[in-house]
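I have placed the structure first, in the form of structure tokens, so that the comments after it can refer back to it.
The values are calculated or read from the model by the stated rules, or taken from the named source; none is laboratory data. Only a predicted model underlies this, so the values are computations on that prediction, with no experimental measurement involved. Methodologically, a virtual Cβ is constructed for each residue, glycine included, from the backbone with ideal geometry; neighbour enumeration extends over all protein chains shown. SASA here: full protein model, heavy atoms, side chains in, ligands and nucleic acids out. Shrake-Rupley method; radii C 1.70, N 1.55, O 1.52, S 1.80 Å.
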Amino acid sequence: MLHDRPLAGLTVLDFSQYLAGPSCALRLADFGARVIKVERPDGGDACRSLYLADLGFDQDSALFHAINRGKESYTADLKDSRDLDAVKRLVARADVLIHNFRPGIMDRIGLGWEDVALLNPRLIYAGVSGYGPDGPWRDRPGQDLLIQSLSGIAWLSGEGAGPPVPAGMSITDMMAGAQLCQGILALLVRRGVRGTGGKVDVSLIETAIDLQFEHLAVHLNREEGMPARSEVANGNVYLAAPYGIYATSDGYLALAMTRVDRLGEVIGLDELGRFPADRWFADRDAIKTLLRDHFLTATTTDWLAMLAPAGIWAAPVLDWPALMAEPGFAVLNAVQTVQSPDGAELRLTRCPVRFDDQILRSPRPAPRLGADRATIDREFAA
């Protein structure tokens, strides 16, 4: 375990709930920061009771532990003047504050940027919202599926004239948390140079738009509607054949960018040679139809045995059990175990970043609600 983590000695106050803000605070904790989670006394972070597949651990949902492991819990009713004063004592000595309240709420509480900057000029003040501080959407619920749907992301997946297909995970929440973490780290660097804090904000909708920069760079510079998805093996609305996923006789095979004529030579599909390079995008459905039928004639392993030696980018499509059975997965040491105060164990993923060639692990689970308030009050009263 790396003992001298880069953010050791920094204190982060995490007022956020659910996924985006807490995922940012989680990464800062992985990097060595002390993260104090400020929660409502009556139930705390709503994610404590957000169960995925009914999986619980140590009084709360396993999801809550996955995204809040290694933090401390401080309960406070921000509408109570004594609790608010106690929280302000934490703010005065903290390095970072993270929140995901809707625009205007922190100001009404008395913990807006202008208020806390007077308390602590060195504080990094970080906010994540659904739709930014202004506009007709600002007070809408900022939820990942809704953001994917509004932003156009859901229309990038699926085939042909089929329905929109959202990503099967909370991609805008997780990416917004990563963007916020980047902003915080940048302001911490600036504070090291100038000595003063700063304010950083991200929104889920802006994150979703930025996630699509590759495609929007084309769309914004053309007079066109939504690009057509491939009728067969759609993988990217702007990439030519053979890009996509194809069924084989026993599974699925992913093919990345490669020359169609060269691919035909390698897999014994001579018909691909009749398509000139300048038609590989326009005729992608015709090409992919030939590939779809051809790949059904052999196993995924058989095809990879031809493609890999030829330098063609291809991979099997694995489910989780198959992934975890791979030697490559074992080498990553991507899973860690946390232990509750009662000795129960929960297996979770670890931080994906390495410092000085060392893997970052965090054996502590998420905190029980309010478990650390008394200790923190004594510490910060001094």
Residues that are under 14 Å from L304 (Cβ atoms) and either of a type outside the set (A, V, I, L, M) or touching a Cys at 6+ places or on another chain (Cβ under 7 Å) (or both), drawn from region 212-264: Y246, T248, S249, D250, G251, Y252, T258
Region 358-382, subset small (G, A, S), closer than 23 Å to D42 by Cα and out of contact with any strand residue (DSSP E or B) (no Cβ under 6 Å at 6 or more places or on another chain), residue least open to solvent (accessible area, probe 1.4 Å): A366
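When the residues of region 142-168 are filtered to those that are in a helix (DSSP H, G or I) and polar (S, T, N, Q), which remaining residue is surrounded by the fewest Cβ atoms within 10 Å (Cβ to Cβ)? Show your work before the answer.
Applying the first criterion (in a helix (DSSP H, G or I)) to region 142-168 yields 144-151, 153-155.
This time we only want the ones that are polar (S, T, N, Q), so: 148-149, 151.
Numbers: Q148: 24, S149: 15, S151: 20.
Only one residue fits best here, namely S149.
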Selection status of A66, of a type outside the set (V, I, T) and at negative phi: yes
Candidate set: region 239-254, residues that are in a loop (DSSP other than H, G, I, E, B) and hydrophobic (A, V, I, L, M, F, W, C); chosen: the one surrounded by the most Cβ atoms within 10 Å (Cβ to Cβ): A241
Residues of region 299-331 that turn out to be of a type in the set (G, A, S) and under 14 Å from L255 (Cα atoms), as a count: 6
Extreme residue, nearest to V202 (Cα to Cα), among residues of region 80-98 that are assigned to a loop (DSSP other than H, G, I, E, B) and in contact (Cβ under 8 Å) with a residue 12 or more places away in the chain: D95
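Would you kindly identify the helices (runs of 4 or more DSSP H) lying entirely within region 255-349 that contain at least 3 residues that are open to solvent by 60 Å² or more (accessible area, probe 1.4 Å)? Full working, then the answer.
On the way: elements: 260-267, 284-295, 300-307, 320-324, 327-332.
Once the helices (runs of 4 or more DSSP H) in region 255-349 are filtered for at least 3 residues that are open to solvent by 60 Å² or more (accessible area, probe 1.4 Å), what remains is 300-307, 320-324, 327-332.
Suppose the filter is in contact with a His (Cβ under 9 Å, 6 or more places away or on another chain), in contact (Cβ under 8 Å) with a residue 12 or more places away in the chain, of a type outside the set (A, V, I, L, M) and within 25 Å of R102 (Cα to Cα); does G152 pass it? I'd like the intermediate steps shown before the answer.
Details: in contact with a His (Cβ under 9 Å, 6 or more places away or on another chain): yes; in contact (Cβ under 8 Å) with a residue 12 or more places away in the chain: yes; of a type outside the set (A, V, I, L, M): yes; within 25 Å of R102 (Cα to Cα): yes.
The answer is yes for G152.
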Among (1) of a type in the set (D, E, K, R); (2) exposed (fewer than 15 other Cβ atoms within 10 Å of the Cβ); (3) at pLDDT below 95 - the single one D77 does not satisfy: (3)
Region 1-55, subset open to solvent by 60 Å² or more (accessible area, probe 1.4 Å) and hydroxyl-bearing (S, T, Y), residue nearest to G197 (Cα to Cα): Y18
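Got a number for residues in region 80-91 being more than 19 Å from G43 (Cα to Cα) and either charged (D, E, K, R) or surrounded by 13 or more Cβ atoms within 10 Å (Cβ to Cβ) (or both)?
Our first condition is that a residue be more than 19 Å from G43 (Cα to Cα); within region 80-91, this holds for 81-82, 85-86, 88-91.
Going one step further and asking which of them are either charged (D, E, K, R) or surrounded by 13 or more Cβ atoms within 10 Å (Cβ to Cβ) (or both), we end up with 82, 85-86, 88-91.
The total comes to 7.
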Candidate set: region 295-325, residues that are touching a helix residue (DSSP H, G or I) at 6+ places or on another chain (Cβ under 6 Å) and touching a residue at least 60 places away in the same chain (Cβ under 8 Å); chosen: the one farthest from R262 (Cα to Cα): P316
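Within region 104-120, is there a residue that is open to solvent by 20 Å² or more (accessible area, probe 1.4 Å), outside any helix (DSSP H, G or I) and in contact (Cβ under 8 Å) with a residue 24 or more places away in the chain? Quick ask: steps written out before the conclusion?
So in region 104-120, the residues open to solvent by 20 Å² or more (accessible area, probe 1.4 Å) come out as 104-105, 107-109, 113-115, 117-119.
Okay, now just the ones that are also outside any helix (DSSP H, G or I), so 104.
From the residues that got through so far, the ones that are in contact (Cβ under 8 Å) with a residue 24 or more places away in the chain too are none.
For region 104-120, residues open to solvent by 20 Å² or more (accessible area, probe 1.4 Å), outside any helix (DSSP H, G or I) and in contact (Cβ under 8 Å) with a residue 24 or more places away in the chain: absent.
Being within 16 Å of W313 (Cα to Cα) and at pLDDT 95 or above, is that true of even one residue in region 272-286?
Of region 272-286, the ones within 16 Å of W313 (Cα to Cα) are none.
Within region 272-286 (the criterion being within 16 Å of W313 (Cα to Cα) and at pLDDT 95 or above), the answer is no, since none of the residues qualifies.
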